[in-house]
Amino acid sequence: MKAPPKEADEKLLVEAAQKDPRRFAELYEAHFEHVYAYVARRVRGRADSEDLTAEVFQQALANLAKFEWRGVPFRAWLYRIAANAITDRWQLRSREQRSPAADNAADRQAHFDLEEVERRARLYRLVRTLPPEQRRVIEMRFAEERSIREIAQQMKRTSGAIKQLQFRAIRSLREQLDEKPGRRTRKAHG
């Protein structure tokens, strides 16, 4: 994932996309993981997360001409669209189920938690830095929701080997998440 553009660069990207919608792809690439993490934190299920994320970017593209640059990151506008899309989804399901509890759940789900979104986006980036076999195990286990046995069969490894790869990957991710962004801790060699 590309790092989010700096304010001046982002303003130029937005203006370019407003003139030529094909340039919206650059904004999409720069913000996809953050928006997906924001949505995934608030809805259950990968399919719903993917659908809502796609809906956010469709609405953003459709309404890009209305976007006015006010010095606030473009991502904040995308989060607002996402929050509204999530609320709309919950309200629709609530009406379908005629359950007042669903409205309360929608309010809780739409709560804006930027710190958690940033943490999840960082986690997605860190997964990409893992050694290829560890990365594949993590993707298959948690994104594709496959069992250890299924992963072992597909990767032609033992279940024990898959568990070890998963353990090492999770340990590495946990260590990196505990570090301050932009800083690496040095381990003493002994």
Fill in: Projected area averaged over orientations for region 7-109, convex hull of C-alpha atoms, nm²
6.8
Item to complete: Can you put F142, F32 in order of Cβ neighbours within 10 angstrom, beginning with the fewest?
Response: F142, F32
Discussion item. Give me K66, K163 sorted ascending by neighbouring Cβ count inside 10 Å, so fewest comes first.
Written reply: K66, K163
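Taken together, the values in this text are just the output of simple stated rules run on the coordinates, not laboratory data. For clarity, every value in this text was computed on a predicted model and none was experimentally measured. Note: ideal-geometry Cβ built from the backbone for every residue, glycine included; neighbour counts use all protein chains shown.
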